[in-house]
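Heads up: the structure comes next, in C-alpha coordinates.
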Amino acid sequence: MPSAGIRINSGLAMGEAVLHQPRVSIPQMFGDDPKLEQARLGQALAAMHRALDSMFADKRLDGGGEHREVLETYRLVAEDRGWQRRMMEAVDGGLTAEAAVQKVQDDMRTRMSMATDPYLRERLYDFEDLGNRLMQHLSGDGGTAAGAELPENVVLLARNMGPAELLDYEPKRLRALVLEEGTAASHVAIVARALDIPVVGRVPDLLSRIDPLDPVVVDGDNAQVFVRPNDDVQQEVAGNILLQEERRRLYRASRNDPPVTMDGVRISLNLNAGLLIDMQQLAETGADGIGLYRTEIPFMVRSEFPSVEAQRVLYANVLDQAGARPVMFRTLDIGGDKQLPYFHDLSDQNPTMGWRAIRVALDRPSLLRHQLRALIHAARGRQLSVMFPMVSEVAEFDSARALLDKELAREEALGGVLPESVRVGTMLEVPGLMWQMPALLRRIDFLSVGSNDLFQFLFAVDRGNPRVAERYDVLSPGVLSLLRSLVGQCEAAGVPLSLCGEMAGRPLEAMTLIGLGFRTISMTPARLGAVRVMTRTLNVKPLASYLEKLFDAPDHSLRQKLRAYARDHGVKVEDG
(Lines give C-alpha, C1' and ligand atoms only; values in the text may rest on other atoms or scores of the structure.)
Protein backbone atom coordinates (compact mmCIF):
# COMPACT_ATOMS: atom_id res chain seq x y z
CA MET A 1 0.00 0.00 0.00
CA PRO A 2 1.32 3.47 -0.81
CA SER A 3 1.97 6.05 1.89
CA ALA A 4 -0.11 9.19 1.38
CA GLY A 5 1.08 12.73 1.93
CA ILE A 6 0.53 16.11 0.34
CA ARG A 7 1.69 17.22 -3.09
CA ILE A 8 4.47 19.80 -2.96
CA ASN A 9 5.82 19.44 -6.48
CA SER A 10 4.42 17.22 -9.21
CA GLY A 11 6.16 14.52 -11.21
CA LEU A 12 6.84 10.77 -11.21
CA ALA A 13 10.15 9.27 -10.18
CA MET A 14 11.72 6.00 -9.06
CA GLY A 15 15.01 5.28 -7.36
CA GLU A 16 16.78 4.00 -4.26
CA ALA A 17 16.24 5.49 -0.82
CA VAL A 18 18.91 7.76 0.61
CA LEU A 19 18.12 8.78 4.19
CA HIS A 20 19.14 12.31 5.00
CA GLN A 21 20.21 11.97 8.63
CA PRO A 22 23.45 13.94 8.87
CA ARG A 23 25.19 13.22 12.14
CA VAL A 24 28.81 13.61 13.20
CA SER A 25 30.12 11.97 16.35
CA ILE A 26 31.88 14.08 18.98
CA PRO A 27 35.29 12.54 19.67
CA GLN A 28 35.87 14.54 22.88
CA MET A 29 33.58 16.68 25.03
CA PHE A 30 36.10 18.82 26.90
CA GLY A 31 39.15 20.56 25.49
CA ASP A 32 42.53 21.21 27.09
CA ASP A 33 43.26 24.44 25.20
CA PRO A 34 40.34 26.88 24.67
CA LYS A 35 42.43 29.07 22.34
CA LEU A 36 43.19 26.10 20.12
CA GLU A 37 39.50 25.09 20.05
CA GLN A 38 38.48 28.67 19.21
CA ALA A 39 40.97 28.68 16.34
CA ARG A 40 39.59 25.35 15.05
CA LEU A 41 36.04 26.69 15.26
CA GLY A 42 36.98 29.91 13.46
CA GLN A 43 38.75 27.99 10.68
CA ALA A 44 35.75 25.67 10.24
CA LEU A 45 33.35 28.64 10.05
CA ALA A 46 35.51 30.29 7.37
CA ALA A 47 35.73 27.05 5.39
CA MET A 48 31.97 26.56 5.63
CA HIS A 49 31.31 30.07 4.31
CA ARG A 50 33.65 29.49 1.36
CA ALA A 51 31.91 26.20 0.57
CA LEU A 52 28.48 27.88 0.71
CA ASP A 53 29.65 30.63 -1.65
CA SER A 54 30.79 27.97 -4.12
CA MET A 55 27.53 26.04 -3.78
CA PHE A 56 25.33 29.07 -4.37
CA ALA A 57 27.28 29.92 -7.53
CA ASP A 58 25.88 26.75 -9.13
CA LYS A 59 24.65 27.48 -12.67
CA ARG A 60 21.43 25.55 -11.97
CA LEU A 61 20.42 28.48 -9.78
CA ASP A 62 21.42 31.29 -12.13
CA GLY A 63 19.12 34.26 -12.53
CA GLY A 64 16.77 36.03 -10.17
CA GLY A 65 13.84 34.55 -8.38
CA GLU A 66 12.57 33.65 -4.97
CA HIS A 67 14.84 30.60 -4.71
CA ARG A 68 17.78 33.05 -4.82
CA GLU A 69 16.22 35.05 -1.98
CA VAL A 70 15.82 31.84 0.03
CA LEU A 71 19.51 31.04 -0.39
CA GLU A 72 20.59 34.58 0.41
CA THR A 73 18.52 34.43 3.60
CA TYR A 74 20.27 31.16 4.45
CA ARG A 75 23.63 32.82 3.84
CA LEU A 76 22.70 35.58 6.32
CA VAL A 77 21.75 32.95 8.91
CA ALA A 78 25.17 31.34 8.44
CA GLU A 79 26.75 34.70 9.29
CA ASP A 80 24.58 35.23 12.38
CA ARG A 81 26.89 36.71 15.02
CA GLY A 82 24.72 35.62 17.94
CA TRP A 83 24.97 31.99 16.85
CA GLN A 84 28.73 32.23 16.42
CA ARG A 85 29.16 34.06 19.74
CA ARG A 86 27.27 31.38 21.68
CA MET A 87 29.52 28.69 20.23
CA MET A 88 32.64 30.65 21.16
CA GLU A 89 31.32 31.15 24.68
CA ALA A 90 30.73 27.42 25.00
CA VAL A 91 34.36 26.84 23.99
CA ASP A 92 35.45 29.37 26.63
CA GLY A 93 33.54 27.25 29.13
CA GLY A 94 35.80 24.29 28.40
CA LEU A 95 34.05 22.41 25.59
CA THR A 96 35.73 21.27 22.42
CA ALA A 97 34.65 22.98 19.19
CA GLU A 98 32.49 19.97 18.23
CA ALA A 99 30.83 19.80 21.64
CA ALA A 100 30.18 23.57 21.57
CA VAL A 101 28.42 23.31 18.21
CA GLN A 102 26.32 20.41 19.49
CA LYS A 103 25.42 22.23 22.74
CA VAL A 104 24.25 25.36 20.94
CA GLN A 105 22.33 23.22 18.45
CA ASP A 106 20.60 21.27 21.25
CA ASP A 107 19.75 24.46 23.16
CA MET A 108 18.27 26.04 20.06
CA ARG A 109 16.24 22.93 19.20
CA THR A 110 14.80 22.88 22.73
CA ARG A 111 13.77 26.54 22.50
CA MET A 112 12.38 26.45 18.99
CA SER A 113 11.03 22.94 18.39
CA MET A 114 7.56 23.75 19.73
CA ALA A 115 7.26 26.97 17.75
CA THR A 116 4.33 27.22 15.35
CA ASP A 117 5.61 30.42 13.76
CA PRO A 118 6.81 29.43 10.25
CA TYR A 119 9.72 31.85 10.39
CA LEU A 120 11.06 30.22 13.56
CA ARG A 121 10.52 26.75 12.10
CA GLU A 122 12.51 27.66 8.97
CA ARG A 123 15.30 29.16 11.09
CA LEU A 124 15.46 25.97 13.16
CA TYR A 125 15.92 23.91 9.96
CA ASP A 126 18.59 26.38 8.80
CA PHE A 127 20.52 26.29 12.08
CA GLU A 128 20.32 22.48 12.28
CA ASP A 129 21.67 22.25 8.74
CA LEU A 130 24.44 24.75 9.50
CA GLY A 131 25.36 23.00 12.75
CA ASN A 132 25.69 19.65 10.96
CA ARG A 133 27.64 21.27 8.14
CA LEU A 134 30.00 22.95 10.59
CA MET A 135 30.57 19.67 12.45
CA GLN A 136 31.56 18.02 9.17
CA HIS A 137 34.09 20.77 8.49
CA LEU A 138 35.51 20.27 11.98
CA SER A 139 35.83 16.54 11.32
CA GLY A 140 37.73 17.26 8.11
CA ASP A 141 35.37 15.62 5.59
CA GLY A 142 34.78 18.77 3.55
CA GLY A 143 31.42 19.67 4.97
CA THR A 144 29.33 17.57 2.61
CA ALA A 145 26.29 16.09 4.32
CA ALA A 146 25.40 13.96 1.33
CA GLY A 147 28.45 11.74 1.35
CA ALA A 148 30.30 10.36 -1.65
CA GLU A 149 28.60 6.99 -2.20
CA LEU A 150 25.25 7.54 -3.87
CA PRO A 151 23.13 5.29 -6.08
CA GLU A 152 22.53 6.34 -9.66
CA ASN A 153 18.88 7.24 -8.95
CA VAL A 154 18.44 8.92 -5.57
CA VAL A 155 15.11 9.31 -3.80
CA LEU A 156 16.00 11.52 -0.87
CA LEU A 157 14.05 11.04 2.37
CA ALA A 158 14.23 13.37 5.35
CA ARG A 159 12.30 14.56 8.37
CA ASN A 160 12.84 18.05 7.03
CA MET A 161 15.81 19.96 5.75
CA GLY A 162 17.17 23.39 5.07
CA PRO A 163 17.31 24.69 1.50
CA ALA A 164 21.08 24.36 1.11
CA GLU A 165 21.12 20.70 2.17
CA LEU A 166 19.32 19.74 -1.02
CA LEU A 167 22.17 21.23 -3.04
CA ASP A 168 24.63 18.82 -1.43
CA TYR A 169 23.22 16.01 -3.56
CA GLU A 170 24.45 15.53 -7.09
CA PRO A 171 21.66 16.84 -9.36
CA LYS A 172 22.26 14.21 -12.05
CA ARG A 173 21.27 11.52 -9.56
CA LEU A 174 18.52 13.26 -7.56
CA ARG A 175 15.10 12.03 -8.68
CA ALA A 176 12.69 13.01 -5.89
CA LEU A 177 12.36 14.29 -2.33
CA VAL A 178 10.03 12.93 0.38
CA LEU A 179 9.59 14.67 3.74
CA GLU A 180 7.99 13.67 7.02
CA GLU A 181 7.15 17.34 7.52
CA GLY A 182 7.30 20.09 4.92
CA THR A 183 4.81 22.36 3.18
CA ALA A 184 4.56 23.83 -0.28
CA ALA A 185 5.72 27.14 1.19
CA SER A 186 8.83 25.79 2.95
CA HIS A 187 12.19 27.03 1.77
CA VAL A 188 13.42 23.61 0.68
CA ALA A 189 10.24 23.22 -1.41
CA ILE A 190 10.92 26.51 -3.21
CA VAL A 191 14.45 25.39 -4.09
CA ALA A 192 13.18 21.93 -5.13
CA ARG A 193 10.69 23.52 -7.53
CA ALA A 194 13.50 25.61 -9.01
CA LEU A 195 15.35 22.32 -9.63
CA ASP A 196 12.13 20.69 -10.96
CA ILE A 197 12.12 17.52 -8.87
CA PRO A 198 8.97 15.80 -7.51
CA VAL A 199 8.32 16.42 -3.80
CA VAL A 200 5.80 14.82 -1.42
CA GLY A 201 5.47 16.10 2.15
CA ARG A 202 3.82 15.13 5.42
CA VAL A 203 4.42 11.40 5.08
CA PRO A 204 4.29 10.21 8.73
CA ASP A 205 6.94 7.94 10.29
CA LEU A 206 8.77 7.81 6.99
CA LEU A 207 12.31 7.30 8.24
CA SER A 208 11.32 4.51 10.64
CA ARG A 209 9.71 2.45 7.86
CA ILE A 210 12.44 2.47 5.27
CA ASP A 211 16.02 1.28 4.97
CA PRO A 212 18.83 2.78 2.91
CA LEU A 213 18.76 1.72 -0.75
CA ASP A 214 15.19 0.41 -0.56
CA PRO A 215 13.45 0.90 -3.92
CA VAL A 216 11.00 3.81 -3.75
CA VAL A 217 8.46 5.23 -6.19
CA VAL A 218 7.34 8.85 -5.72
CA ASP A 219 4.14 9.95 -7.41
CA GLY A 220 4.15 13.71 -6.87
CA ASP A 221 0.96 14.20 -8.86
CA ASN A 222 -1.09 12.04 -6.50
CA ALA A 223 1.03 12.64 -3.35
CA GLN A 224 1.85 8.96 -2.92
CA VAL A 225 5.05 7.12 -1.98
CA PHE A 226 5.52 3.40 -2.70
CA VAL A 227 8.20 1.72 -0.56
CA ARG A 228 9.69 -1.58 -1.74
CA PRO A 229 7.20 -2.02 -4.61
CA ASN A 230 7.22 -5.45 -6.23
CA ASP A 231 8.83 -6.07 -9.62
CA ASP A 232 5.56 -5.69 -11.51
CA VAL A 233 4.94 -2.25 -10.01
CA GLN A 234 8.52 -1.16 -10.71
CA GLN A 235 8.25 -2.27 -14.34
CA GLU A 236 4.97 -0.44 -14.76
CA VAL A 237 6.38 2.75 -13.22
CA ALA A 238 9.52 2.53 -15.36
CA GLY A 239 7.30 2.24 -18.42
CA ASN A 240 5.25 5.22 -17.30
CA ILE A 241 8.39 7.30 -16.79
CA LEU A 242 9.57 6.46 -20.31
CA LEU A 243 6.11 7.22 -21.67
CA GLN A 244 6.13 10.49 -19.73
CA GLU A 245 9.44 11.47 -21.34
CA GLU A 246 8.10 10.61 -24.80
CA ARG A 247 5.02 12.73 -24.15
CA ARG A 248 7.15 15.63 -22.97
CA ARG A 249 9.12 15.48 -26.21
CA LEU A 250 5.82 15.49 -28.09
CA TYR A 251 4.55 18.44 -26.06
CA ARG A 252 7.73 20.42 -26.67
CA ALA A 253 7.45 19.75 -30.40
CA SER A 254 3.80 20.86 -30.44
CA ARG A 255 4.13 23.97 -28.28
CA ASN A 256 3.49 26.25 -31.26
CA ASP A 257 0.37 24.38 -32.37
CA PRO A 258 -2.68 26.56 -31.63
CA PRO A 259 -5.00 25.12 -28.94
CA VAL A 260 -8.02 24.95 -31.23
CA THR A 261 -10.57 22.15 -30.96
CA MET A 262 -11.48 20.03 -33.98
CA ASP A 263 -14.67 22.05 -34.44
CA GLY A 264 -12.80 25.36 -34.40
CA VAL A 265 -13.11 26.61 -30.80
CA ARG A 266 -10.02 28.54 -29.64
CA ILE A 267 -9.06 27.76 -26.03
CA SER A 268 -6.74 30.11 -24.14
CA LEU A 269 -4.16 28.09 -22.20
CA ASN A 270 -2.33 30.02 -19.49
CA LEU A 271 0.18 29.38 -16.72
CA ASN A 272 0.00 29.69 -12.95
CA ALA A 273 3.18 31.27 -11.64
CA GLY A 274 4.63 32.56 -8.39
CA LEU A 275 8.37 32.52 -9.02
CA LEU A 276 10.34 34.53 -11.54
CA ILE A 277 11.81 31.26 -12.78
CA ASP A 278 8.28 30.26 -13.84
CA MET A 279 8.24 33.11 -16.38
CA GLN A 280 10.77 31.23 -18.53
CA GLN A 281 8.05 28.66 -19.15
CA LEU A 282 5.97 31.07 -21.23
CA ALA A 283 8.18 30.57 -24.27
CA GLU A 284 8.94 26.93 -23.51
CA THR A 285 5.26 25.93 -23.31
CA GLY A 286 3.78 28.37 -25.83
CA ALA A 287 1.26 29.57 -23.24
CA ASP A 288 -1.02 32.52 -23.97
CA GLY A 289 -0.15 34.32 -20.74
CA ILE A 290 -0.08 34.14 -16.96
CA GLY A 291 -3.58 33.38 -15.72
CA LEU A 292 -2.53 33.61 -12.06
CA TYR A 293 0.56 35.25 -10.64
CA ARG A 294 0.74 34.55 -6.91
CA THR A 295 2.37 37.58 -5.33
CA GLU A 296 2.80 36.17 -1.82
CA ILE A 297 5.91 34.02 -2.32
CA PRO A 298 8.35 36.99 -2.31
CA PHE A 299 6.74 38.08 0.97
CA MET A 300 7.16 34.62 2.46
CA VAL A 301 10.90 34.23 1.86
CA ARG A 302 11.95 37.59 3.30
CA SER A 303 12.60 38.56 6.91
CA GLU A 304 10.53 41.75 6.61
CA PHE A 305 7.86 43.31 4.40
CA PRO A 306 9.34 44.11 0.97
CA SER A 307 9.32 47.82 0.25
CA VAL A 308 7.18 49.39 -2.46
CA GLU A 309 10.30 49.74 -4.60
CA ALA A 310 11.33 46.10 -4.11
CA GLN A 311 7.84 45.01 -5.13
CA ARG A 312 7.83 47.36 -8.12
CA VAL A 313 11.09 45.89 -9.41
CA LEU A 314 9.69 42.36 -9.13
CA TYR A 315 6.36 43.13 -10.83
CA ALA A 316 8.07 45.11 -13.58
CA ASN A 317 10.40 42.16 -14.18
CA VAL A 318 7.38 39.85 -14.47
CA LEU A 319 5.73 42.17 -17.01
CA ASP A 320 8.98 42.58 -18.94
CA GLN A 321 9.40 38.81 -19.25
CA ALA A 322 5.76 38.36 -20.23
CA GLY A 323 6.12 40.85 -23.09
CA ALA A 324 2.83 41.13 -24.96
CA ARG A 325 1.27 38.26 -23.04
CA PRO A 326 -1.23 39.21 -20.30
CA VAL A 327 -0.47 38.72 -16.59
CA MET A 328 -3.18 38.42 -13.93
CA PHE A 329 -1.70 39.56 -10.62
CA ARG A 330 -3.45 38.18 -7.56
CA THR A 331 -2.99 40.44 -4.56
CA LEU A 332 -1.44 39.12 -1.39
CA ASP A 333 -3.02 35.84 -0.27
CA ILE A 334 -1.54 35.09 3.15
CA GLY A 335 -2.91 33.04 6.00
CA GLY A 336 -3.89 29.39 5.85
CA ASP A 337 -0.73 27.47 4.94
CA LYS A 338 0.98 30.65 3.70
CA GLN A 339 2.32 32.42 6.76
CA LEU A 340 4.62 35.44 6.75
CA PRO A 341 7.62 35.01 9.06
CA TYR A 342 7.41 38.59 10.36
CA PHE A 343 3.61 38.91 10.61
CA HIS A 344 2.56 37.40 13.91
CA ASP A 345 -1.19 38.06 13.91
CA LEU A 346 -2.00 34.97 11.82
CA SER A 347 -2.68 32.47 14.58
CA ASP A 348 -6.20 31.19 13.86
CA GLN A 349 -7.28 27.77 15.12
CA ASN A 350 -8.69 27.11 11.63
CA PRO A 351 -6.45 29.31 9.47
CA THR A 352 -7.77 28.13 6.09
CA MET A 353 -11.19 29.57 6.93
CA GLY A 354 -9.92 32.36 9.16
CA TRP A 355 -8.15 35.67 8.84
CA ARG A 356 -6.50 35.42 5.44
CA ALA A 357 -6.23 36.94 1.97
CA ILE A 358 -8.62 39.87 1.37
CA ARG A 359 -9.65 39.87 5.04
CA VAL A 360 -6.10 40.65 6.11
CA ALA A 361 -5.74 43.22 3.32
CA LEU A 362 -8.87 45.13 4.31
CA ASP A 363 -7.99 45.09 8.00
CA ARG A 364 -4.43 46.23 7.20
CA PRO A 365 -5.16 48.55 4.25
CA SER A 366 -1.64 50.03 4.14
CA LEU A 367 -0.34 46.56 3.24
CA LEU A 368 -2.68 46.33 0.25
CA ARG A 369 -2.19 49.97 -0.76
CA HIS A 370 1.58 49.55 -0.88
CA GLN A 371 1.21 46.47 -3.07
CA LEU A 372 -1.25 48.21 -5.38
CA ARG A 373 1.07 51.24 -5.57
CA ALA A 374 3.94 48.97 -6.60
CA LEU A 375 1.78 47.30 -9.27
CA ILE A 376 0.69 50.68 -10.66
CA HIS A 377 4.31 51.87 -10.83
CA ALA A 378 5.43 48.62 -12.47
CA ALA A 379 2.72 48.80 -15.15
CA ARG A 380 3.34 52.36 -16.31
CA GLY A 381 2.10 52.60 -19.88
CA ARG A 382 1.13 48.93 -19.90
CA GLN A 383 -1.97 46.92 -19.12
CA LEU A 384 -2.49 46.06 -15.46
CA SER A 385 -4.80 43.23 -14.40
CA VAL A 386 -5.45 42.84 -10.66
CA MET A 387 -7.63 40.28 -8.94
CA PHE A 388 -8.53 40.03 -5.27
CA PRO A 389 -8.48 36.62 -3.51
CA MET A 390 -10.92 34.99 -1.10
CA VAL A 391 -13.72 37.51 -1.66
CA SER A 392 -16.80 36.36 0.27
CA GLU A 393 -19.23 39.18 -0.53
CA VAL A 394 -19.61 42.10 -2.91
CA ALA A 395 -18.95 44.60 -0.11
CA GLU A 396 -15.42 43.20 0.27
CA PHE A 397 -14.74 43.66 -3.42
CA ASP A 398 -16.06 47.24 -3.29
CA SER A 399 -13.75 48.05 -0.38
CA ALA A 400 -10.72 46.60 -2.14
CA ARG A 401 -11.58 48.35 -5.40
CA ALA A 402 -11.87 51.65 -3.50
CA LEU A 403 -8.27 51.26 -2.28
CA LEU A 404 -7.11 50.66 -5.86
CA ASP A 405 -8.98 53.75 -7.04
CA LYS A 406 -7.31 55.80 -4.29
CA GLU A 407 -3.88 54.65 -5.41
CA LEU A 408 -4.64 55.44 -9.05
CA ALA A 409 -5.89 58.92 -8.05
CA ARG A 410 -2.79 59.45 -5.92
CA GLU A 411 -0.46 58.54 -8.77
CA GLU A 412 -2.32 60.83 -11.16
CA ALA A 413 -2.22 63.73 -8.67
CA LEU A 414 1.54 63.27 -8.35
CA GLY A 415 1.91 63.48 -12.12
CA GLY A 416 2.98 59.88 -12.50
CA VAL A 417 2.49 57.73 -15.57
CA LEU A 418 -0.55 55.52 -15.14
CA PRO A 419 -1.02 52.05 -16.64
CA GLU A 420 -2.42 52.12 -20.17
CA SER A 421 -5.48 50.26 -18.87
CA VAL A 422 -6.54 48.69 -15.59
CA ARG A 423 -8.69 45.58 -15.39
CA VAL A 424 -10.02 44.51 -12.01
CA GLY A 425 -11.47 41.14 -11.11
CA THR A 426 -11.83 38.67 -8.31
CA MET A 427 -11.22 35.06 -7.51
CA LEU A 428 -14.28 32.90 -6.89
CA GLU A 429 -13.18 30.69 -4.01
CA VAL A 430 -15.96 31.09 -1.43
CA PRO A 431 -19.23 29.38 -2.45
CA GLY A 432 -21.34 32.06 -0.75
CA LEU A 433 -20.32 34.58 -3.42
CA MET A 434 -22.31 32.60 -5.98
CA TRP A 435 -25.53 34.02 -4.49
CA GLN A 436 -24.38 37.60 -5.13
CA MET A 437 -23.20 36.95 -8.67
CA PRO A 438 -25.53 39.42 -10.47
CA ALA A 439 -24.30 42.33 -8.32
CA LEU A 440 -20.69 41.21 -8.59
CA LEU A 441 -20.71 40.82 -12.37
CA ARG A 442 -21.81 44.44 -12.78
CA ARG A 443 -18.63 45.55 -11.00
CA ILE A 444 -15.81 43.39 -12.36
CA ASP A 445 -13.88 43.13 -15.61
CA PHE A 446 -13.17 39.39 -15.26
CA LEU A 447 -13.77 36.47 -12.92
CA SER A 448 -11.39 33.60 -12.15
CA VAL A 449 -12.48 30.40 -10.40
CA GLY A 450 -9.94 29.29 -7.80
CA SER A 451 -10.87 25.64 -8.05
CA ASN A 452 -8.67 24.34 -5.22
CA ASP A 453 -10.22 26.48 -2.48
CA LEU A 454 -13.72 26.60 -3.99
CA PHE A 455 -14.09 22.82 -3.93
CA GLN A 456 -12.38 22.55 -0.56
CA PHE A 457 -15.04 24.81 0.91
CA LEU A 458 -17.85 23.31 -1.17
CA PHE A 459 -17.20 19.83 0.23
CA ALA A 460 -15.85 20.91 3.66
CA VAL A 461 -12.62 18.99 2.92
CA ASP A 462 -9.17 19.88 4.21
CA ARG A 463 -6.87 19.60 1.19
CA GLY A 464 -3.90 19.05 3.52
CA ASN A 465 -5.46 16.02 5.20
CA PRO A 466 -4.58 12.84 3.27
CA ARG A 467 -7.53 10.97 4.85
CA VAL A 468 -10.15 13.18 3.22
CA ALA A 469 -8.38 15.12 0.46
CA GLU A 470 -9.44 12.63 -2.23
CA ARG A 471 -12.81 11.72 -0.71
CA TYR A 472 -14.80 13.94 -3.08
CA ASP A 473 -14.36 14.31 -6.81
CA VAL A 474 -14.38 17.58 -8.74
CA LEU A 475 -16.06 15.62 -11.56
CA SER A 476 -19.21 15.15 -9.49
CA PRO A 477 -22.66 16.25 -10.70
CA GLY A 478 -22.85 18.98 -8.05
CA VAL A 479 -19.58 20.61 -9.10
CA LEU A 480 -20.45 20.49 -12.80
CA SER A 481 -23.88 22.00 -12.12
CA LEU A 482 -22.29 24.87 -10.19
CA LEU A 483 -19.79 25.55 -12.98
CA ARG A 484 -22.46 25.36 -15.69
CA SER A 485 -24.52 27.96 -13.80
CA LEU A 486 -21.48 30.20 -13.48
CA VAL A 487 -20.66 29.96 -17.19
CA GLY A 488 -24.23 30.94 -18.08
CA GLN A 489 -24.26 33.95 -15.76
CA CYS A 490 -20.90 35.24 -17.00
CA GLU A 491 -21.88 34.82 -20.65
CA ALA A 492 -25.12 36.73 -20.06
CA ALA A 493 -23.22 39.57 -18.35
CA GLY A 494 -20.41 39.62 -20.92
CA VAL A 495 -17.75 39.03 -18.22
CA PRO A 496 -14.72 36.90 -19.21
CA LEU A 497 -14.45 33.76 -17.08
CA SER A 498 -11.43 31.57 -16.40
CA LEU A 499 -10.44 28.78 -14.04
CA CYS A 500 -7.05 28.31 -12.41
CA GLY A 501 -6.06 25.44 -10.18
CA GLU A 502 -5.34 21.74 -10.31
CA MET A 503 -8.58 20.95 -12.15
CA ALA A 504 -7.46 22.94 -15.21
CA GLY A 505 -4.20 21.02 -15.54
CA ARG A 506 -5.66 17.52 -15.81
CA PRO A 507 -6.70 16.65 -19.36
CA LEU A 508 -9.92 14.85 -18.44
CA GLU A 509 -11.03 17.68 -16.14
CA ALA A 510 -9.93 20.29 -18.69
CA MET A 511 -11.97 18.50 -21.37
CA THR A 512 -15.00 18.71 -19.08
CA LEU A 513 -14.43 22.42 -18.40
CA ILE A 514 -14.34 23.13 -22.13
CA GLY A 515 -17.53 21.14 -22.57
CA LEU A 516 -19.16 23.27 -19.86
CA GLY A 517 -18.23 26.46 -21.71
CA PHE A 518 -14.89 27.55 -20.25
CA ARG A 519 -12.63 29.07 -22.90
CA THR A 520 -9.76 30.23 -20.65
CA ILE A 521 -7.98 27.98 -18.17
CA SER A 522 -4.70 28.29 -16.29
CA MET A 523 -2.41 25.59 -14.93
CA THR A 524 1.13 24.71 -13.88
CA PRO A 525 3.69 24.71 -16.74
CA ALA A 526 4.23 20.94 -16.59
CA ARG A 527 0.55 20.34 -17.38
CA LEU A 528 0.05 22.59 -20.36
CA GLY A 529 1.40 20.26 -23.04
CA ALA A 530 -1.01 17.44 -22.18
CA VAL A 531 -3.96 19.83 -22.11
CA ARG A 532 -2.96 21.28 -25.50
CA VAL A 533 -2.88 17.83 -27.07
CA MET A 534 -6.29 17.02 -25.56
CA THR A 535 -7.77 20.26 -26.86
CA ARG A 536 -6.70 19.54 -30.43
CA THR A 537 -8.45 16.14 -30.39
CA LEU A 538 -11.75 17.39 -28.97
CA ASN A 539 -15.08 18.27 -30.60
CA VAL A 540 -16.88 20.61 -28.21
CA LYS A 541 -20.50 20.40 -29.40
CA PRO A 542 -21.01 16.63 -28.95
CA LEU A 543 -19.38 16.82 -25.51
CA ALA A 544 -21.62 19.71 -24.44
CA SER A 545 -24.67 17.70 -25.50
CA TYR A 546 -23.45 14.66 -23.59
CA LEU A 547 -22.88 16.69 -20.42
CA GLU A 548 -26.47 17.91 -20.47
CA LYS A 549 -27.55 14.36 -19.71
CA LEU A 550 -25.34 14.08 -16.62
CA PHE A 551 -26.17 17.05 -14.39
CA ASP A 552 -29.04 15.35 -12.58
CA ALA A 553 -27.22 12.04 -12.07
CA PRO A 554 -27.01 10.76 -8.47
CA ASP A 555 -23.45 9.46 -8.98
CA HIS A 556 -20.63 10.16 -6.53
CA SER A 557 -18.46 10.91 -9.56
CA LEU A 558 -18.86 11.14 -13.32
CA ARG A 559 -15.19 10.41 -13.93
CA GLN A 560 -15.60 6.94 -15.43
CA LYS A 561 -18.40 8.06 -17.75
CA LEU A 562 -16.35 11.02 -18.95
CA ARG A 563 -13.27 8.86 -19.44
CA ALA A 564 -15.33 6.40 -21.46
CA TYR A 565 -16.64 9.30 -23.56
CA ALA A 566 -13.10 10.46 -24.26
CA ARG A 567 -12.03 6.96 -25.24
CA ASP A 568 -15.01 6.43 -27.52
CA HIS A 569 -14.52 9.80 -29.24
CA GLY A 570 -10.74 9.69 -29.63
CA VAL A 571 -10.00 12.49 -27.15
CA LYS A 572 -6.47 12.15 -25.73
CA VAL A 573 -6.80 12.63 -21.98
CA GLU A 574 -3.56 11.02 -20.81
CA ASP A 575 -1.73 12.97 -18.10
CA GLY A 576 1.68 14.32 -18.94
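The values are calculated or read from the model by the stated rules, or taken from the named source; none is laboratory data. A quick note: this is a predicted structure, and the numbers were derived from the prediction, not measured. Counting neighbours? That spans all protein chains shown, and the Cβs are built from the backbone with ideal geometry, glycine included.
Among the candidates Val313, Val327, Val260, the residue that is in the same structural domain as Phe518 (by TED's automatic domain parsing) and out of contact with any strand residue (DSSP E or B) (no Cβ under 9 Å at 6 or more places or on another chain) is uniquely Val313.
Among the residues of segment 534-546, which ones are in contact (Cβ under 8 Å) with a residue 40 or more places away in the chain and surrounded by fewer than 22 Cβ atoms within 10 Å (Cβ to Cβ)? Matches in segment 534-546: Arg536, Thr537, Asn539, Val540, Lys541.
Of Met437, Met427, which residue is among the aliphatic types (A, V, I, L, M) and touching a residue at least 60 places away in the same chain (Cβ under 8 Å)? Outline the logic, then answer.
On the way: Met437 fails: touching a residue at least 60 places away in the same chain (Cβ under 8 Å).
Unique residue meeting the criteria: Met427.
Counting only helices (runs of 4 or more DSSP H) that sit completely within segment 383-488, those holding 1 or more residues that are more than 28 Å from the chain's Cα centre (by Cα) correspond to 394-413, 437-441. Taking residues in segment 556-570 that are surrounded by fewer than 16 Cβ atoms within 10 Å (Cβ to Cβ), and partners anywhere that are among the β-branched types (Val, Ile, Thr), the pairs with Cβ atoms closer than 8 Å and at least 6 places apart or on different chains are Arg563/Val573; Gly570/Thr537.
Among the conditions (1) modelled with pLDDT of 85 or more; (2) aromatic (Phe, Trp, Tyr); (3) closer than 30 Å to Gly570 by Cβ, the only one that Tyr251 does not satisfy is (1).
Taking segment 383-425, which residues are among the β-branched types (Val, Ile, Thr) and in contact with an Asp or Glu (Cβ under 9 Å, 6 or more places away or on another chain)?
Residues of segment 383-425 that are among the β-branched types (Val, Ile, Thr), as a first pass: 386, 391, 394, 417, 422, 424.
Passing the criteria: Val391, Val417, Val422, Val424.
Among the residues of segment 379-402, not a single one is basic (Lys, Arg) and either without any contact (Cβ under 8 Å) to a residue 24 or more places away in the chain or under 15 Å from Asp453 (Cβ atoms) (or both). Residues in segment 490-520 that are of a type outside the set (Asp, Glu), more than 24 Å from Ala273 (Cβ to Cβ) and surrounded by fewer than 17 Cβ atoms within 10 Å (Cβ to Cβ): Ala492, Ala493, Gly494. Out of Leu340, Leu269, Leu314, one residue alone is at pLDDT below 80 and either surrounded by 15 or more Cβ atoms within 10 Å (Cβ to Cβ) or small (Gly, Ala, Ser) (or both). It is Leu340. Looking across segment 497-512, the residues that are farther than 16 Å from Phe446 by Cβ and not in a loop (DSSP other than H, G, I, E, B) come down to Glu502, Met503, Gly505, Pro507, Leu508, Glu509, Ala510, Met511, Thr512. Does segment 414-424 include one or more residues that are at pLDDT below 95 and basic (Lys, Arg)? For segment 414-424, residues at pLDDT below 95 and basic (Lys, Arg): absent. Just one of the numbered conditions (1) touching a residue at least 12 places away in the same chain (Cβ under 8 Å); (2) more than 21 Å from Asp288 (Cβ to Cβ) is not true of Pro525: (2).
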